[in-house]
Structures are given as structure tokens and as C-alpha cells.
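Have a look at the structure below, then the notes.
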Amino acid sequence: AAAAAAAATAGRVEQPTAVADIGQPRKRIISQEDLELFTQSKLCQQLVSFASELSQAVKGIPQSPERLTSASPLIQGLSELLVELERWIDDFPPLAQPMRFGNKAFRQWHARLVERGEGMLLAAFQSVPAAADSANELATELVHYLHGSFGDERRIDYGTGHETAFFAILFALGARGILAKSDAADAVLVVFAAYIRVMRRLQAVYVLEPAGSHGVWGLDDFHALPFVFGAAQLVGKEDEVPTGDVYRERIVAEYADQYLYVDAIRQVLIAKKGAPFHETSPMLYDITGVPNWQKTLTGLIKMYQGEVLGKYPSSSTSYSARPSAGLEIALESAAIPAASAAEPAKPPAPPP
């Protein structure tokens, strides 16, 4: 996934121009050239910086159910929205069909998202004093990113570009000052964690296909940010969760409900059970050779910038909202990176 392309003139990278259609995002990244302009833009750096800031906010902090009760109205509103989306899965059970992957009932679930998403965002924003005057405008613009956050209803697949669409919503709210700095930890440990929970169910129930997966040469068939934020949570926790043992049964059983990284490892182990970890997930196994979680985090942020924000897929859905909303972001169905072949022995180098 990526952000809106900037215009480069005379060797100078400029920020995107205004979009004429008020409140209606339009496609911006539609070519490799557009993507190259974006990757040189200030906006790309802002997205990476935002991921780094959220990571900083959750360093050393486990998840806990108690966080929601003391969270801000915005965090509670977005959490309630995600709980409702998860409830809908029960309303649309999988259809009997010959294909194993891509159950078409997902299209019914997604159609309801398109039908009700804007109203749900509006309800979440109206309870936030900082968003009260612009709630309608925000909902109208950000609903496009909400629609793109849970997978493609035509292909019935999901990838890191869809994940970045949800990240774009948080980025936009932060850019407008609606997501306060005091909300940063909860944005990850409550809201983003709830989003991942919804996605796990959608992937399992509707058997979503990976969009642009690199198979064993990727971090994960679907996600990137749980590894980034999860590594941040584990900074300074090497005595409890050593980098080299993160995939061990005891660690997974004890810590998967507290740390996003360990939870992501658990999901990989479930999806690829029956074979050794170093064979099914060589890139993740490579990362276990990094000596501490801070170095792991640094490498994963670089990987996210280069291999998610910096990739142009064969099929993309790119949008940019008008600058007055503080959001000029584009969505891509981007892929997780490929990697060089891994040996069973743990390598000393961090991820690229």
C-alpha cells in the first residue's frame, strides 16, 4: 500500500495537488511512475514516521482488556465499529461451493460494509469533541479506506495493501489532530488489535486468498504491521521472549494473547502446521537470528517502507482525499517482500 503520488518538476519532489471533487477521493497511483514519485515524497516519509511513532508508543507494553475501558471516545468508537463488523460474519455463513478458496459469502459481508460503513464512521466521530464539526466530512472521505481495509470483494482476497488502508485511516485521524498523541498506544493495542481480530475471522471463515503472497518467502501471507508493532511491544522483553525462541510452543502459548508479534507467529504456525518452522517460514526464521527486538523493529520498519509502501502491484486501488482533510493517501494491493533463500541455521543479520 502506498500514499498519494507527488509531482516532481526540475528534480524537485512536490506534494500532491488538490483534488477537485470535494469529499470524493480519486485514484492517484496508477502507474509505476506514480509510485516512484510517491516514494520520494514527504508524505511517504510521514507514513513511515507515523508507523515509527505508534511503535514507540507501545514499546514494552503488552495488550490487556482493561485498556478499552479507560480509552478515549475515539478509541472506544472505533473499537465498537470493529466489534459490529465482526458480528456480521455470523449473519453471512459460508456458502456451499466447489472452490476451496474465496467463499462468495464474503461479498455479502462486504456489501453490508459498503452500505453501512459511512454511518458507522459518522457515529464513531460524532462522540469525539475534536471531530464534531467535521464528522460528516471525515466519514465521507474515510469510508473509501474502510471499504478497502478488509479485502477485495471481487477477487475475495486480502493482502498488505488492504492492511495499509486501515493504517491510512489512523494516519488521517492523526494528521487532523483527532487521534491524539495520548491515544497512540491504544490505537495499536486496542483498535489495530481489534482490526486484526476481525481479519483473522474473515480469513478463516471465507477462506480469503492471499493477495500478492510470496509464499514461504514472505513474512506472512496476509500481514506486515502486526510484526512491526509486535516487535515494538517486545523491545526490552528479551528475557521473557527471546528473539530466537519466539516460535517455540511455550512462548506462543504464554504470550500470544499479549504481544502482536507472537500472535502473528501463532497464526503462521496454525496455517502451516506439519512442517518445520524454518522450512515453512524461512524469512521469519531468519529474523530469529537478530539479537534483540530493537534491531528487529528497525529492520521491519525499513522492510515495510521498501517492500509494502514501495511496491506497485499488478492490480491496485489507489485513492487520494482532498488536502483540506489532512489526508492524501493512496491504497495499493501491495505484496510482502520476497527474500533470499534461508538456511536452517539462524543468520546473524537483521531483516533488510
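The values are calculated or read from the model by the stated rules, or taken from the named source; none is laboratory data. For clarity, every value in this text was computed on a predicted model and none was experimentally measured. Heads up, the Cβs are rebuilt from the backbone with ideal geometry, glycines too, and the neighbour counts pull from every protein chain shown. Only protein heavy atoms, including side chains, enter the accessible area calculation; ligands, DNA and RNA are left aside. Shrake-Rupley method; radii C 1.70, N 1.55, O 1.52, S 1.80 Å.
Does Q233 meet the test of being open to solvent by less than 10 Å² (accessible area, probe 1.4 Å), polar (S, T, N, Q) and in contact with a Gly (Cβ under 9 Å, 6 or more places away or on another chain)? Break it down stepwise before answering.
Working: open to solvent by less than 10 Å² (accessible area, probe 1.4 Å): yes; polar (S, T, N, Q): yes; in contact with a Gly (Cβ under 9 Å, 6 or more places away or on another chain): yes.
Judged against the criteria, Q233 is a match.
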Every listed condition ((1) assigned to a loop (DSSP other than H, G, I, E, B); (2) modelled with pLDDT of 95 or more) holds for A18 save (2)
Given the criteria open to solvent by 50 Å² or more (accessible area, probe 1.4 Å), over 20 Å from G151 (Cβ atoms) and of a type in the set (K, R), does R266 qualify? yes
Just a yes or no: is a residue in segment 212-219 open to solvent by 30 Å² or more (accessible area, probe 1.4 Å), modelled with pLDDT of 95 or more, closer than 28 Å to D90 by Cβ and not aromatic (F, W, Y)? no
Restricting attention to segment 220-230, which residues are open to solvent by 10 Å² or more (accessible area, probe 1.4 Å) and out of contact with any Phe, Trp or Tyr (no Cβ under 6 Å at 6 or more places or on another chain)? D220, D221
Give E209, E163, E141 a once-over and let me know the one that is surrounded by 18 or more Cβ atoms within 10 Å (Cβ to Cβ) and over 20 Å from L47 (Cβ atoms). E209
Filter result (within 20 Å of R200 (Cβ to Cβ) and open to solvent by 60 Å² or more (accessible area, probe 1.4 Å)) within segment 105-130: R107, Q108
What's the total number of residues in segment 74-103 that are of a type outside the set (G, A, S) and in contact with a strand residue (DSSP E or B) (Cβ under 8 Å, 6 or more places away or on another chain)? 1
For segment 84-104, which residues satisfy the criterion of being hydrophobic (A, V, I, L, M, F, W, C), open to solvent by less than 60 Å² (accessible area, probe 1.4 Å) and either outside any helix (DSSP H, G or I) or within 19 Å of Y145 (Cβ to Cβ) (or both)? L85, W88, F92
Picking from L284, L300, L309, which residue would you name as being in contact with a strand residue (DSSP E or B) (Cβ under 8 Å, 6 or more places away or on another chain), buried (at least 17 other Cβ atoms within 10 Å of the Cβ) and either polar (S, T, N, Q) or touching a residue at least 40 places away in the same chain (Cβ under 8 Å) (or both)? L309
Breaking point among (1) open to solvent by 20 Å² or more (accessible area, probe 1.4 Å); (2) free of Cβ contacts under 8 Å to residues at least 12 places away in the same chain; (3) under 24 Å from the mean Cα position of the chain (by Cα), for A256: (1)
Filter segment 50-69 down to the residues that are surrounded by 13 or more Cβ atoms within 10 Å (Cβ to Cβ) and either among the β-branched types (V, I, T) or free of Cβ contacts under 8 Å to residues at least 24 places away in the same chain (or both) and list them by number. V58, I61
Of the listed residues (S134, S72, S127), the one being modelled with pLDDT of 95 or more and either of a type in the set (S, T, N, Q) or under 16 Å from L208 (Cα atoms) (or both) is S72
Hits in segment 271-307 (condition: within 17 Å of D221 (Cα to Cα), part of a helix (DSSP H, G or I) and under 21 Å from the mean Cα position of the chain (by Cα)): A271, M283, L284, I287, L300, M303, Y304, E307
